[in-house]
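Okay, here's the structure, questions in a sec.
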Amino acid sequence: MNQDLNIPIDIVRSVIVIAETGSISKAAERLSLSQPALSSQIKRIQGILGCELFTRTANGSVVTEVGKLFLEQARRIIEANDQILRIGGRTLRQEPVRLGVNNLYVKEIFKCLSAEALSNVIIQGGNATEIAKGLTDGYIDIGVFFATAELADQVANIVVNEEEEQFVWVRSKNFVLSPGAPIPLLSHPRNTTDTLMIRALTKKGIPYRIAFNSADNLARTAAAEAGIGVTVFPARVDPAPLVRAREYYLPELPPLKVLLCARQSFHDGASLLKALSAQFFGKPAANSGPVAAVASA
C-alpha cells in the first residue's frame, strides 16, 4: 500500500490547530511541537495533496480556498477518530472548547464568565448562519445565536437553552433627525437585526434609508458615534458610549429568541454549558435530551 495515500491523524489535527490559531508558532506551542517539526508536517501533507493549505501573510497563516475544503473534512475525521476511541472508554486529552457567539454578545460573554472559565475556550464571533454551520460541521462545539426560521430544523435537536431577548434602539448622544426625513439606519447586511429594524418601521409606515452598511460591529458602533444614524442592540448589552434612543417616532421592537446550542456528539465542556445556562440565560437547561443532560452535569 502506498503510504503517501494515508494521511496521519496527527497531521490532520495540526492543520486544524494552525487554522484556529492563525499561526504556526502558536499552533506549535499548543501541540507541544517545535516549529520546524510542525512546518515539516505541513510540507508533507501539502506534498501529498499537491496544493497549498495556507498562505503566509504579515498577520500569520491564512487558510487558502483549498485549505477551507480540507478543514471541513479534517474536522469530520477528528470527530470520527475521537468517537472510536470513546468506544473503548478512552479518556481523551482535553481539547479547547470552541464557542461560537453572535457578535453582539461577545462583550457580554466576557462579563458573565471569568477569565478562568474561558481559559480553555476558543471564542469565534459570527452570525446565526455561520455558527449553526459550525455546529453542524463540527468546528464549533457550543453556540449562542439568534433563532431564525431558516435554521429551525437544522438546530432543533441541539438546543440546550433559549429565551426571548428584547431589543432597543441606540444612537449617539448628539444624533438629531431632521423633521420629515427618513430614519437613517446603520445596517448589518443579511442579519436578523436588520430584519427586526426594517419590519418594525415598515409596519408603522415610517420611511427609512440605509446610511451605513457593515457586518463589523465596531464599524457600526463608530458610525453610530459619528451621529449618522441609529441601530439596535439587545437590551441587556450596555451600548456605551451610545445611548438608548427613546424618540417618539421609533417603534417598539419585538423580541428575538436567542439560543444556546451544543453539537450532538459534544462530550466536553459541561461546566461551560452549565455556566452559560445559569449566567447568560439565567436558568438551567430546559430541555431533557442528551445535550441538556450534559449542561446539567
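Read-outs: derived from the displayed coordinates by stated rules, not from any lab. Just so it is clear, the structure is predicted and the values come from calculations on it, not from any experiment. In this analysis, Cβ positions are derived from the backbone assuming ideal geometry, glycine residues included, and neighbour counts consider all displayed protein chains.
About the Cα centre of the chain, what is the dipole size in debye to 20, counting +1 per Lys and Arg Cβ and -1 per Asp and Glu Cβ, all else neutral?
400 debye
Want the number for THR202 to VAL66: 0.36 nm per residue separation, take away the alpha-carbon distance, what's left?
44.7 nm
Could you give the dipole magnitude of the stretch 58-170 about its Cα centre, charging the beta-carbon of Lys and Arg +1 and that of Asp and Glu -1, in debye to the nearest 20?
On the way: 10 positive and 16 negative charges, 112 e Å.
Computed charge dipole of the stretch 58-170: roughly 540 debye.
Within straight cross-link reach of LYS111, meaning Cα distance under 24 Å, which lysines are found once same-chain residues fewer than 8 apart are removed?
Excluding near neighbours in sequence, the set is LYS257, LYS274, LYS283.
Placing +1 at every Lys and Arg Cβ and -1 at every Asp and Glu Cβ, with all other atoms neutral, what dipole size does the stretch 167-244 have around its Cα centre, in debye to the nearest 20?
In debye, rounded to 20, the stretch 167-244 gives about 280.
Turning to a different aspect of this structure: If the cut-off is 20 Å between C-alpha atoms, which lysines fall inside it for LYS68, apart from same-chain ones fewer than 8 positions away?
LYS26, LYS43, LYS133
Here's a follow-up. Tell me, what is the Rg over Rh of the stretch 3-87, with Rh the Kirkwood radius over Cα pairs? List each step's numbers first, then the result.
Details: Rg = 12.6 Å, Rh = 13.1 Å.
Taking Rh as the inverse mean 1/r over Cα pairs, Rg/Rh reads 0.96.
Please report the relative contact order for the chain, taking Cα pairs under 8 Å with a sequence separation of at least 6, and give it as a percent rounded to a whole number.
RCO, the chain: 18 percent.
A further question follows. So what J values fall out for the stretch 158-164 if you push phi through Karplus, 6.51 cos²θ - 1.76 cosθ + 1.60 with θ = phi - 60°, rounded to Hz, Gly and Pro as x?
Using θ = phi - 60°, the values come out as 10, 6, 9, 8, 7, 7, 7 Hz.
Could you check which residue among GLY134, GLY60, GLY205 shows the biggest mean-square fluctuation in a GNM of the chain with a 10 Å Cα cutoff?
GLY205
³J(HN,Hα) across the stretch 146-157 via Karplus (A = 6.51, B = -1.76, C = 1.60, θ = phi - 60°), whole Hz, x for Gly/Pro?
So the J values, rounded to whole Hz, are 7, 6, 9, 4, 5, 9, 3, 5, 5, 10, 3, 8.
What is the sum of charges around GLU72, taking Lys and Arg as +1, Asp and Glu as -1, for the other residues whose C-beta is under 13 Å from the C-beta of GLU72?
Working: positive: LYS68, ARG75, ARG76, LYS133; negative: GLU65, GLU79, ASP137.
Here the charged neighbours net out to +1.
Normalised radius of gyration for the chain, please: alpha carbon Rg relative to 2.2 N^0.38 Å, two decimal places.
So the Cα radius of gyration is 1.15 times the expected 2.2 N^0.38 Å.
Using a ≥ b ≥ c from the Cα gyration tensor of the stretch 167-244 (square roots of the eigenvalues), is it rounded, prolate or oblate, where a/c under 1.5 gives rounded and otherwise the larger of a/b and b/c decides, a/b for prolate?
rounded
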